[in-house]
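Reading through the structure tokens given below for one structure.
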Amino acid sequence: MVQEKRGNSKLVAEKRYGTTKTAAKPRAKARKKRAARKPMRGPIGWIIALFHWIVRLIWGFTWRIGFVTAVILGLAVTYFALQLPDANALLDGRARGSVTLLDRTGETFAWRGDQFGGAITTDTASVHLVNAIVATEDKRFYWHLGVSPRGIASAVRINLREGRGPLSGHGGSTITQQTAKLLCLGVPYDSATWESEKEYEADCRRTTMWRKAKEAIFAMAMEAKYSKDDILNIYMNRAFLGAGARGFEAASKRYFGKSGADINAAEAAMLAGLLKAPTRYAPTNNLSRSQDRASVIIGLMADQGYLSQKDADIARIAPAQLSEAAEAKAGGYFADWVMDSGPEFFTRDTTEDVIIKTTLDRRLQASAEEAMKYIFENKVRSGSKAQAAIVVMSSDGAVRAMVGGRNTKVSGGFNRATQAMRQTGSAFKPFVYATALELGHSPNERIVDEPLTINIPGSGPWTPKNYTKDFKGSVTLTDALKDSLNIPAVKLSELVGRENVRKVASEFGIESDLAAGPALALGASESTLIEMTGAYAGILNGGSSVTPYGLVELSLLGDSEPLMGTGGGIGERVIRDEAAGKLIYMMERVVSQGTGRRAMLPDREAAGKTGTTQAARDAWFIGFTADYVAGVWMGYDDNTPLTGVTGGGLPAEIWNEVMVRVHQGLPARPLPMVAPTPIAPQPQRQQRNGDSEPIPADGVADTILQRVLRSLGPSNGPTTQRNERRDSIGDR
């Protein structure tokens with residue numbers, strides 16, 4: 001045992017030599033290592049040493065600055081995150097409200113203001129819409145922390161390559177950064193600070209290095225505070241998408257007439273395509289351009305796996321189309337008129353969401369637009385700058401259709417139906433005859449159409465003429481109106497009194513300043529088409545005044561009770577029902593036998609009056625059936641005379657085209673006219689020379705008239721050409 005133990009132990013020398021030998025190796029390595037670390041001498045060594053010192057200095061400085069920056073950035077992000085409200089409170093950020101206009105059946109036909117269709121979220125929106133937004137704006141949205149350095153670098157490179165500044169053009173912003181910009185970095189709109197919301201939004205969109213830095217911090221704060229879906233919800237509800245639509249729900253309803261939850265891939269792509277340039281790509285401005293942009297978005301969705309190639313092909317083959325209301329360009333002239341006629345704080349400057357029910361009949365509106373288009377395409381020379389306007393209303397003044405110019409799809413344009421003050425010409429004459437009938441005269445009474453000169457104090461002799469430059473002699477009042485004779489109209493006006501004529505016209509709703517002289521009877525005064533059409537509606541309804549109106553009810557969104565009701569309708573009685581019936585009888589003869597024959601309808605009675613002003617600067621036809629009243633004006637905006645056009649020409653033809661379309665499917669009803677009682681023949685009376693002279697059929701009336709005219713001045717005396725004034729206002 002002892003031997004074995006000894007045999008296994010090492011000798012002291014062996015231990016010594018082994019230890020010495022083993023320990024020598026590390027020391028040798030250490031000496032070699034120390035020799036390797038020995039600094040180089042000479043200039044090269046100094047340079048290397050200086051370089052090492054600079055690197056150590058920069059590194060020490062950088063990590064300290066980086067640490068401080070990270071701390072400051074973290075504090076800034078934390079500060080902004082703590083200031084952010086609940087995500088749901090940021091969905092509707094409008095400073096202005098919206099106005100939704102409904103037609104007479106309750107269907108939406110127009111919008112005004114900033115429309116917010118209601119909150120839409122990633123849970124309620126169509127999956128195609130969410131995918132289209134992410135594919136278009138930020139394909140790495142679900143992976144970054146609010147800022148994408150890769151995206152920013154790519155955008156700067158593209159901008160520089162295209163010759164722009166690094167921050168001009170492509171921004172490289174993530175959806176979170178865009179949302180931060182929509183929130184104006186948390187600065188709310190203040191009317192005391194900003195002149196308008198437009199100026200406020202322009203400031204929010206400014207791009208500077210400092211603002212981009214703040215935007216990045218705010219974006220990271222949002223990522224810290226909200227979930228990705230919360231951020232996307234805010235973005236989807238605040239983005240401006242053209243045509244006054246704020247948010248994808250409003251845009252979907254405006255362009256497609258449906259909720260954002262129900263849109264297909266093609267419609268979602270079109271909406272997402274609006275984010276780049278809402279006004280340029282709005283389908284109401286250029287549908288084809290919007291569809292081309294949507295095709296690009298569909299390609300992105302397919303490339304990123306959101307759509308199969310088959311579904312992408314289907315979406316391209318069947319691109320998104322506008323709804324009927326969107327295609328109608330948001331209501332055009334009629335919507336503008338209703339907005340102007342309502343209270344400003346609930347229409348033009350509303351901060352609430354308002355619902356207005358109107359009198360508009362979209363079938364009748366389409367009829368009026370089609371009729372105007374047909375006449376100008378087929379009966380007006382190409383290149384003509386002539387304009388026209390149309391108003392269709394019920395006998396109570398409810399406006400059913402309105403066309404304010406040849407371009408029927410405009411919004412915010414000059415409305416010739418409501419804004420253009422034009423001379424009325426012979427379209428005014430019915431109010432002269434209405435006055436006479438109200439005072440007891442009969443349509444069968446006779447009046448003499450003969451040369452006439454009236455001496456106007458301070459102005460001299462005035463000699464009206466007929467359009468035909470001839471005289472008809474003794475005619476009935478019905479024939480005088482039927483043939484639009486000027487001299488009988490002037491005589492009758494002077495007989496019944498100009499003040500009475502002015503009173504009747506103004507009570508029928510013609511509120512414009514009416515001429516003071518005898519030319520009043522010939523329509524020397526100015527009026528608007530809607531005013532004149534409303535006055536004719538008063539004749540149709542039996543002689544009561546009418547205030548044209550388009551607003552039926554105004555209420556706030558969500559309220560069951562309206563804030564206000566109809567702003568017009570039938571007013572006070574102006575003339576007796578019998579007088580109105582007789583006037584309708586006379587005006588029916590204008591259409592069936594007189595100057596308005598081109599307006600005659602094939603299947604029902606119609607009554608109306610033509611009007612052409614001096615030098616044919618304005619041409620009118622206004623008339624009615626038992627169901628509707630319609631007015632047509634035609635002329636140039638700069639008062640250039642029309643060539644070869646009278647009220648009985650193109651305006652009457654436009655009226656005819658409108659009314660034929662308007663009455664399609666309606667049973668024919670007779671006009672409420674009253675035929676006059678025939679006047680018995682009068683006995684002969686003896687003249688001084690012994691010859692007999694027939695007493696005019698209107699008996700005393702014409703005798704009184706002659707006395708009135710004699711008191712005014714010579715009726716047919718000689719006048720010099722220099723002093724004589726002739727007026728041929730009127731028409732055939």
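With the requirement that a residue be free of Cβ contacts under 8 Å to residues at least 40 places away in the same chain and farther than 25 Å from ALA616 by Cα, what does segment 450-475 give you?
Answer for segment 450-475, where residues must be free of Cβ contacts under 8 Å to residues at least 40 places away in the same chain and farther than 25 Å from ALA616 by Cα: PRO457, GLY458, GLY473, VAL475.
Filter segment 328-368 down to the residues that are modelled with pLDDT under 80 and closer than 20 Å to GLY257 by Cβ, then identify the one that is surrounded by the fewest Cβ atoms within 10 Å (Cβ to Cβ).
So, considering only residues that are modelled with pLDDT under 80 and closer than 20 Å to GLY257 by Cβ, the one surrounded by the fewest Cβ atoms within 10 Å (Cβ to Cβ) is LYS329.
Can you name every one of the strands (runs of 3 or more DSSP E) wholly within segment 341-404 that holds 1 or more residues which are of a type in the set (Ser, Thr, Tyr)?
Numbers: elements: 354-358, 387-393, 399-403.
Ranges flagged: 354-358.
Scanning segment 587-645 for residues that are open to solvent by 10 Å² or more (accessible area, probe 1.4 Å) and among the hydroxyl-bearing types (Ser, Thr, Tyr), which turns out farthest from PRO548 (Cα to Cα)?
Applying the filter and picking the extreme gives THR643.
Could you check how many residues of segment 550-588 are farther than 30 Å from ALA335 by Cβ, in a loop (DSSP other than H, G, I, E, B) and hydrophobic (A, V, I, L, M, F, W, C)?
Here the count works out to 2.
Out of segment 482-506, which residues are of a type in the set (A, V, I, L, M) and part of a helix (DSSP H, G or I)? Give the steps one after another, and end with the answer.
Residues of segment 482-506 that are of a type in the set (A, V, I, L, M), as a first pass: 485, 487, 489-490, 492, 495-496, 501, 504-505.
Answer for segment 482-506, where residues must be of a type in the set (A, V, I, L, M) and part of a helix (DSSP H, G or I): ILE487, ALA489, VAL490, LEU492, LEU495, VAL496, VAL501, VAL504, ALA505.
Could you check how many residues of segment 369-393 are loosely packed, with under 15 Cβ neighbours inside 10 Å and in contact with a Leu (Cβ under 7 Å, 6 or more places away or on another chain)? Before the answer, list the steps.
To start, the set of residues in segment 369-393 that are loosely packed, with under 15 Cβ neighbours inside 10 Å comprises 370, 373, 377-379, 381-385.
Narrowing the set further to residues that are in contact with a Leu (Cβ under 7 Å, 6 or more places away or on another chain) leaves 379.
Residues that pass the stated criteria total 1.
Does ARG150 qualify as being at pLDDT below 65 and of a type in the set (Lys, Arg)?
no
Right, VAL399: at pLDDT 95 or above, over 29 Å from the mean Cα position of the chain (by Cα) and among the hydrophobic types (A, V, I, L, M, F, W, C) or not? I'd like the intermediate steps shown before the answer.
Details: at pLDDT 95 or above: yes; over 29 Å from the mean Cα position of the chain (by Cα): no; among the hydrophobic types (A, V, I, L, M, F, W, C): yes.
For VAL399, the condition - at pLDDT 95 or above, over 29 Å from the mean Cα position of the chain (by Cα) and among the hydrophobic types (A, V, I, L, M, F, W, C) - is not met.
Report, by residue number, each residue of segment 215-238 that is buried (at least 23 other Cβ atoms within 10 Å of the Cβ) and touching a strand residue (DSSP E or B) at 6+ places or on another chain (Cβ under 8 Å).
Correct list: ASN237 only.
Those residues that are touching a strand residue (DSSP E or B) at 6+ places or on another chain (Cβ under 6 Å) and surrounded by 21 or more Cβ atoms within 10 Å (Cβ to Cβ), I need them from segment 397-422; list them, please.
Those that are touching a strand residue (DSSP E or B) at 6+ places or on another chain (Cβ under 6 Å) and surrounded by 21 or more Cβ atoms within 10 Å (Cβ to Cβ): GLY397, VAL399, ARG400, ALA401, MET402, VAL403, GLY404, ARG416, ALA417, ARG422.
Across segment 279-297, what is the number of residues that are farther than 18 Å from ALA239 by Cβ and open to solvent by less than 60 Å² (accessible area, probe 1.4 Å)?
Residues that pass the stated criteria total 4.
Scan segment 48-57 and tell me whether some residue there is under 24 Å from ALA216 (Cβ atoms), basic (Lys, Arg), part of a helix (DSSP H, G or I) and open to solvent by 100 Å² or more (accessible area, probe 1.4 Å).
no
I'd like the full set of residues that are buried (at least 23 other Cβ atoms within 10 Å of the Cβ) and part of a loop (DSSP other than H, G, I, E, B), limited to segment 269-278.
LEU274, the sole residue that qualifies.
Which of the residues that make up segment 180-214 are open to solvent by 70 Å² or more (accessible area, probe 1.4 Å) and in a helix (DSSP H, G or I)?
LYS198, GLU199, MET209, TRP210, LYS214 - these are the residues of segment 180-214 that are open to solvent by 70 Å² or more (accessible area, probe 1.4 Å) and in a helix (DSSP H, G or I).
Would you be able to say whether some residue in segment 615-626 is in a helix (DSSP H, G or I), touching a residue at least 40 places away in the same chain (Cβ under 8 Å) and of a type outside the set (A, V, I, L, M, F, W, C)? Walk me through it before giving the result.
Filtering segment 615-626 for residues in a helix (DSSP H, G or I) gives 615-616.
From what is left, the residues that are touching a residue at least 40 places away in the same chain (Cβ under 8 Å) are none.
Scanning segment 615-626 turns up no residue that is in a helix (DSSP H, G or I), touching a residue at least 40 places away in the same chain (Cβ under 8 Å) and of a type outside the set (A, V, I, L, M, F, W, C).
Give the residue that is farthest from LYS276 (Cα to Cα), with candidates limited to residues of segment 131-143 that are open to solvent by 20 Å² or more (accessible area, probe 1.4 Å) and not in a helix (DSSP H, G or I). Can you show your working first?
Taking segment 131-143 first, the residues open to solvent by 20 Å² or more (accessible area, probe 1.4 Å) are 131, 136-137, 139-140, 142-143.
Then drop every residue that is not not in a helix (DSSP H, G or I), which leaves 139-140, 142-143.
Numbers: LYS139: 15, ARG140: 18, TYR142: 21, TRP143: 22 Å.
Among residues in segment 131-143 that are open to solvent by 20 Å² or more (accessible area, probe 1.4 Å) and not in a helix (DSSP H, G or I), the one farthest from LYS276 (Cα to Cα) is TRP143.
Table: residues versus (1) farther than 20 Å from MET587 by Cβ; (2) aliphatic (A, V, I, L, M); (3) touching a Phe, Trp or Tyr at 6+ places or on another chain (Cβ under 9 Å); (4) at pLDDT 95 or above.
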position	(1), (2), (3), (4)
THR408	yes, no, yes, no
PRO430	no, no, yes, yes
PRO457	yes, no, no, no
ASN466	no, no, no, no
LEU477	no, yes, yes, yes
LEU481	no, yes, yes, yes
PHE508	no, no, yes, yes
ASP513	yes, no, no, no
ALA516	yes, yes, no, no
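If the requirement is being hydroxyl-bearing (Ser, Thr, Tyr), open to solvent by 40 Å² or more (accessible area, probe 1.4 Å) and at negative phi, which of these qualifies: SER555, SER560?
Testing whether each residue is hydroxyl-bearing (Ser, Thr, Tyr), open to solvent by 40 Å² or more (accessible area, probe 1.4 Å) and at negative phi leaves just SER560.
For segment 298-325, name all the residues that are surrounded by fewer than 22 Cβ atoms within 10 Å (Cβ to Cβ) and modelled with pLDDT under 90.
LEU322, SER323, GLU324
The values are calculated or read from the model by the stated rules, or taken from the named source; none is laboratory data. Nothing here was measured: the structure is a model prediction, and the numbers come from that model. So basically every Cβ, Gly included, is an ideal-geometry build from the backbone, and we count neighbours across all protein chains shown. Just so you know, the surface numbers come from the protein's heavy atoms only, side chains and all, with ligands and any DNA or RNA stripped out. Shrake-Rupley method; radii C 1.70, N 1.55, O 1.52, S 1.80 Å.
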